[in-house]
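S.K.: This is the structure I want to talk about, given as structure tokens.
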Amino acid sequence: MDIHKILKQLPHRYPFLLVDRVLEIDKGKSIKALKNVTINEPFFTGHFPHRPVMPGVLMLEALAQAAALLAFDALDTSPTDDTVYYFAGIDNARFKRPVEPGDQLILEVELLRMKAGIFKFKTRAAVAGETAVEAELTCAMRKISA
């Protein structure tokens with residue numbers, strides 16, 4: 001899935017869109033996506049400017065965005081103006097290595113279960129095969145009223 005299809009599936013836009021490409025998707029099971037980390041990211045100007053590091057919460061957000069792509073694909077749906085996909089929980093998050101400008105962050109998400117619009121995922125983000133962060137994410141897809 002290229003950036004054009006991702007933009008149709010996710011409501012996020014620069015500077016908050018954190019998935020550049022989907023490398024693999026196994027319907028209803030797993031997704032592997034890519035985030036190219038560049039020095040031009042706006043958070044680097046203030047997050048350790050002398051040694052820029054991608055904030056951990058943004059690595060988790062990138063994983064959640066990949067998870068959303070997997071969820072929409074599993075349900076054969078696309079988000080609408082009255083649908084919101086929220087974080088509902090982050091469990092067992094562990095940060096293993098810093099992510100720096102020039103890194104390619106590989107986002108791996110496995111769908112553990114889904115029921116009534118609640119999704120549980122096992123996630124991992126890695127650079128050159130080395131784990132940067134891992135966590136279990138719970139997300140909820142909800143209709144909103146105007």
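S.K.: Anything in the range 13-38 that is under 26 Å from residue 118 (Cβ atoms), exposed (fewer than 15 other Cβ atoms within 10 Å of the Cβ) and touching a helix residue (DSSP H, G or I) at 6+ places or on another chain (Cβ under 7 Å)? List them, or say none.
M.R.: 27, 28
Yes/no per residue for (1) under 17 Å from residue 62 (Cβ atoms); (2) buried (at least 18 other Cβ atoms within 10 Å of the Cβ); (3) among the aromatic types (Phe, Trp, Tyr); (4) within 16 Å of the chain's Cα centre (by Cα):
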| residue | (1), (2), (3), (4) |
| --- | --- |
| 101 | yes, no, no, no |
| 120 | no, yes, no, yes |
| 141 | no, yes, no, yes |
| 145 | no, no, no, no |
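S.K.: Has the range 70-77 got any residue that is outside any loop (DSSP other than H, G, I, E, B) and closer than 19 Å to residue 126 by Cα?
M.R.: Yes.
S.K.: In the range 20-70, which residues are without any contact (Cβ under 8 Å) to a residue 12 or more places away in the chain and among the hydroxyl-bearing types (Ser, Thr, Tyr)?
M.R.: Once the filter is applied, which keeps residues that are without any contact (Cβ under 8 Å) to a residue 12 or more places away in the chain and among the hydroxyl-bearing types (Ser, Thr, Tyr), the range 20-70 yields only 45.
S.K.: I'd like to check something: does the range 104-113 contain any residue that is within 21 Å of residue 5 (Cα to Cα), in contact with a Phe, Trp or Tyr (Cβ under 9 Å, 6 or more places away or on another chain), surrounded by 15 or more Cβ atoms within 10 Å (Cβ to Cβ) and free of Cβ contacts under 8 Å to residues at least 60 places away in the same chain? It would help to see each step written out before you state the result.
M.R.: From the range 104-113, those within 21 Å of residue 5 (Cα to Cα) are 104-111; that's our starting set.
Add one more test, that the residue is in contact with a Phe, Trp or Tyr (Cβ under 9 Å, 6 or more places away or on another chain), and what stays is 109-111.
Those still in the list that are surrounded by 15 or more Cβ atoms within 10 Å (Cβ to Cβ) too: 109-111.
From what is left, the residues that are free of Cβ contacts under 8 Å to residues at least 60 places away in the same chain are none.
The answer is no, given that none of the residues of the range 104-113 is within 21 Å of residue 5 (Cα to Cα), in contact with a Phe, Trp or Tyr (Cβ under 9 Å, 6 or more places away or on another chain), surrounded by 15 or more Cβ atoms within 10 Å (Cβ to Cβ) and free of Cβ contacts under 8 Å to residues at least 60 places away in the same chain.
S.K.: Ok, one more. Is it true that residue 126 is surrounded by 17 or more Cβ atoms within 10 Å (Cβ to Cβ), in a strand (DSSP E or B) and without any contact (Cβ under 8 Å) to a residue 40 or more places away in the chain? Don't jump to the end; show me each part of the working.
M.R.: Details: surrounded by 17 or more Cβ atoms within 10 Å (Cβ to Cβ): yes; in a strand (DSSP E or B): yes; without any contact (Cβ under 8 Å) to a residue 40 or more places away in the chain: yes.
Against the criterion (surrounded by 17 or more Cβ atoms within 10 Å (Cβ to Cβ), in a strand (DSSP E or B) and without any contact (Cβ under 8 Å) to a residue 40 or more places away in the chain), residue 126 qualifies.
S.K.: Another question about this same structure. For the subset of the range 66-80 comprising residues that are surrounded by 15 or more Cβ atoms within 10 Å (Cβ to Cβ) and more than 17 Å from residue 142 (Cβ to Cβ), which member is modelled with the lowest pLDDT? Please lay out each step first, then the result.
M.R.: Here is the first cut: in the range 66-80, the residues surrounded by 15 or more Cβ atoms within 10 Å (Cβ to Cβ) are 66-74, 79.
Subsequent filtering for residues that are more than 17 Å from residue 142 (Cβ to Cβ) retains 66, 69-70, 73.
Values: 66: 98, 69: 96, 70: 96, 73: 93.
Per the stated criteria, the residue is 73.
The values are calculated or read from the model by the stated rules, or taken from the named source; none is laboratory data. If you're wondering where the values come from, they're calculated on a predicted model, not measured in any experiment. Virtual Cβ from ideal backbone geometry, glycine too; neighbours counted across all protein chains shown.
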